[in-house]
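The values are calculated or read from the model by the stated rules, or taken from the named source; none is laboratory data. Values in this document were obtained by computation on a predicted structure and should not be read as measured data. Cβ coordinates were reconstructed from backbone atoms using ideal geometry, including for glycine residues, and neighbour counts include every protein chain displayed. Areas reflect the complete protein model, heavy atoms only, side chains present, ligands, DNA and RNA absent. Shrake-Rupley method; radii C 1.70, N 1.55, O 1.52, S 1.80 Å.
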Amino acid sequence: MKSIINQNTRTYAWVVVALLWIVGMLNYMDRQMLSTMRESIMVDITQLESAANFGRLMAVFLWVYGIMSPFSGIVGDRMSRKWVIVIALFVWSFVTFMMGYATTFGQLYALRGIMGVSEALYMPAALSLIADYHRERTRSLAIGINMTGIYFGQAIGGFGASLAMMWGWHGTFHTLGIIGMIYSAILIFMLHDFPKHIVAVETEEKKNVPVFKGLAMLMANVSFWIILFYFCVPSVPGWAAKNWLPSLFSSSLGIGMETAGPIATISIAVSSFAGVLIGGFISDRWVIRNVKGRIYTVSIGLLMMVPALLCIGYGTSLAAVVLGAVLFGLGFGFFDANNMPILCQFVSSRNRATAYGMMNMCSVFAGAAVTDLLGKSMDTGNLGRDFALLSVLVAFTVILILVCLRPKTVDKKFHTAL
């Protein structure tokens with residue numbers, strides 16, 4: 001594989017995307033499937049009969065994941081990204097395997113927290129590695145293709161209950177854990193770091209560069225704060241759709257959750273899948289002609305989300321809410337494919353994992369806050385209205401990035417300051 005890196009980096013750049021596509025799928029599959037397996041597990045662990053306990057079990061992952069994200073980004077910038085990814089995959093797969101042996105709520109809770117640590121390590125390192133291997137002509141498309149693995153993993157995770165019926169919940173955790181551990185061993189031989197990153201890490205080690213220097217440089221970068229806000233605001237309706245859209249569809253259309261759930265999740269997933277590919281393709285070509293091409297592409301995606309949220313919030317017919325969901329997913333795909341590529345225009349490659357870790361933390365915490373807020377809206381009968389109001393935040397974000405984000409280059413080089 002070394003010869004491929006030296007002689008044909010363009011080919012190996014796509015090998016990296018393919019390898020990490022599978023890791024991203026495993027990442028989201030392992031974290032998602034627990035949400036559908038409650039009934040199977042609570043036969044043996046009766047504490048899960050309490051919805052409050054199950055909520056705590058799901059929440060501990062998000063809190064740990066959010067808290068760890070900035071530190072995970074720093075690790076991704078200071079160490080071999082290959083080994084960060086390999087170790088993270090092995091650990092969360094081993095945790096998944098061990099969950100099959102859990103006999104108490106406390107054991108599940110502790111393992112779920114450890115999973116939050118290990119999975120937080122993955123995304124900043126993976127996206128910054130892909131961004132290093134892909135330049136302006138393919139970067140957004142490569143990130144978009146990688147994101148489809150995440151969507152696929154979410155979809156498979158939704159079949160956790162079905163797998164538990166076939167294999168038992170113990171066997172499901174054991175099987176998926178073993179698959180992940182085996183794949184981590186395969187990556188040791190097939191995944192390689194971007195050469196310039198290794199040189200930079202070794203240079204900083206020799207010079208004893210302070211661990212938090214990259215974080216301090218980010219804090220002084222005004223453009224990064226704008227990107228941080230831009231990343232969080234569309235993530236808020238994204239989390240809202242993930243957690244509350246089936247409930248909204250059920251109440252607004254007067255249909256059962258067994259029907260509303262698939263309609264909501266499938267319409268969002270399929271359109272998002274298309275959105276990251278289309279948005280990535282458009283962005284990579286637009287940025288060659290105009291340095292703000294990626295920002296314009298994202299703006300189009302966010303503008304799609306404005307009428308989408310209004311249709312979702314106020315729609316009373318199946319056609320209206322499905323149209324809103326499809327338009328939302330398409331726009332969110334444009335957004336998802338271009339976050340790291342836009343970051344690359346303002347932050348050097350030596351600090352991109354740290355920057356993405358910060359963005360991940362803020363996104364998760366914003367998602368936790370909006371999930372709680374919309375739960376209260378559901379109780380008062382205002383869920384649709386509050387979904388629609390999120391469109392105001394998205395519209396403001398479009399104005400902000402068009403006015404304030406003014407990139408000077410397609411790719412901030414790693415040897416330059418932030």
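Per-structure values
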quantity	calculated
Leu373 paired with Glu49, simple spin-label distance in nm, labels 7 Å along Cα-to-beta-carbon	3.7
Förster-model FRET efficiency, 25 Å R0, Trp225 and Ala59, C-beta, rounded to 0.05	0.35
Among Val222, Val394, Val86: highest mean-square fluctuation, GNM of the chain, C-alpha pairs under 10 Å	Val222
Trypsin sites (Lys or Arg not before Pro) within the range 371-415: DSSP coil, no more than 16 neighbouring Cβ in 10 Å	Lys408, Lys413
Gain upon complete extension [Ile178, Phe365; 0.36 nm per residue less C-alpha separation]	64.2 nm
Sites Tyr101 and Ile186, calculated FRET efficiency, Cβ-Cβ separation with R0 30 Å, nearest 0.05	0.75
Separation of alpha-carbon centers, the range 106-156 and the range 331-397, rounded to whole Å	16
Restricting the range 82-183 to trypsin sites (Lys or Arg not before Pro) in coil, as DSSP defines it, with at most 16 other Cβ within 10 Å	Arg135, Arg137
Whole-percent carbon and sulfur share, accessible surface of the range 222-367, 1.4 Å	75
Protection-proxy order for peptides 280-292, 21-33, each taking the mean of Cβ atoms within 10 Å per residue, highest first	21-33, 280-292
Taking the chain and dividing mean pair separation by its residue count, relative contact order in percent (alpha carbons under 8 Å, at least six apart)	24
With every protein chain in place, the range 80-165: carbon and sulfur % of accessible area (1.4 Å)	75
Difference of contour (0.36 nm per residue) and Cα-Cα distance, Lys196 to Ser317	38.1 nm
Of Lys82/Lys412; Lys242/Lys376; Lys242/Lys413, those spanning more than 28 Å from alpha-carbon to alpha-carbon	Lys242/Lys413
Shape of the range 313-418, Cα gyration tensor, a/c cut at 1.5	prolate
Nitroxide proxy distance, nm - points 7 Å out along Cα→Cβ at Met166 and Thr36	1.1
Cα-based shape type of the chain, given that a ≥ b ≥ c are square roots of the gyration tensor eigenvalues and the cut on a/c is 1.5	oblate
Accessible solvent surface per residue of the chain, calculated while the other protein chains remain in place, 1.4 angstrom probe, Å²	40
